[in-house]
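**Q** I have a structure here, written as structure tokens, and I will follow up with some questions on it.
Here, each number is a calculation from the coordinates, and none is a lab measurement. It should be emphasised that the depicted structure is a prediction, and the values quoted were computed from it without experimental measurement. Every residue, glycine as well, gets a Cβ built from its backbone with ideal geometry; the counts of neighbours run over all protein chains shown.
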Amino acid sequence: MATIWLQIWAHLSASSLFWLSFTLVVYLIAASLYQRNNGNPLLLPVITAVMCIIGFLYATETPYDLYAERTWFLQFLIGPATVALAVPLYGQLSRLKRLFWPILVALVAGSATAILSAVAISRLLGASLQTQLSLAPKSATMPIAMEIAGLTGGLPSLTTVAVAITGIAAALIAGPLFKMLDVENPEVEGFALGLAGHAIGTARAFQANDTAGAFAALGMGLNGIATAVLIPLLLAVLALV
């Protein structure tokens with residue numbers, strides 16, 4: 001009997017359909033759990049679903065490389081999904097024009113703070129220059145952050161972890177922080193979530209309303225560009241000090 005189950009598992013583990021279906025089902029269950037608990041931030045689907053998938057991979061001794069290879073289509077969908085964020089953003093075009101200067105100031109201040117705080121804290125804790133460069137782009141969206149880290153001498157693998165933790169932390173902390181600061185403007189909330197929490201923060205903003213989601217998409221996109229510009233400038237300044 002055990003041999004039969006091993007044969008079945010060997011067949012399933014080699015199937016892309018199995019891993020894609022498994023990932024989708026886990027996420028749907030996590031999303032349902034999140035909704036049934038009135039949006040408890042500790043039950044964010046991105047946290048619970050990832051934990052379940054990691055646990056299953058560990059329990060079945062499945063290498064992550066195999067899982068990534070079998071679920072490549074989900075990675076492919078990141079591109080179209082990112083482009084699709086332009087649709088709700090276009091609906092907020094009139095507001096974007098009206099808020100151009102506040103958005104620009106918030107972008108520069110937020111992006112610079114995200115970079116400098118990561119570098120300063122890691123340096124105070126005795127981290128190497130390579131680690132500092134890996135953590136610097138933590139608030140940018142994953143593809144941009146990994147590329148920046150690779151080009152500046154950081155470790156893209158470490159950057160991946162930092163980006164994920166940053167997004168989850170932003171999604172968890174944002175709600176209580178907005179309440180503490182008495183922030184109720186969806187434009188402000190969305191832009192802050194997208195800038196600080198990239199894709200995870202943007203997903204969290206869309207759960208609030210479309211306006212917050214649109215401004216979160218804007219914040220995520222602009223911060224990716226700003227981070228790519230500011231980190232080389234920071235390195236140039238440090239080289240002169």
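**Q** Can you pull out the residues in the stretch 143-157 that are under 19 Å from Pro232 (Cβ atoms) and assigned to a helix (DSSP H, G or I)?
**A** Pro143, Ile144, Ala145, Met146, Glu147, Ile148, Ala149, Gly150, Leu151, Thr152, Pro156
**Q** Among the residues of the stretch 21-46, write down those that are surrounded by 18 or more Cβ atoms within 10 Å (Cβ to Cβ) and aliphatic (A, V, I, L, M).
**A** Across the stretch 21-46, the qualifying residues are Val26, Ala30, Leu44, Val46.
**Q** Still on this structure: In the stretch 1-49, how many residues are within 15 Å of Thr62 (Cα to Cα) and either in contact with a helix residue (DSSP H, G or I) (Cβ under 9 Å, 6 or more places away or on another chain) or in contact (Cβ under 8 Å) with a residue 40 or more places away in the chain (or both)?
**A** 12
**Q** Has the stretch 80-89 got any residue that is surrounded by 11 or more Cβ atoms within 10 Å (Cβ to Cβ), touching a Leu at 6+ places or on another chain (Cβ under 9 Å) and in contact (Cβ under 8 Å) with a residue 40 or more places away in the chain?
**A** yes
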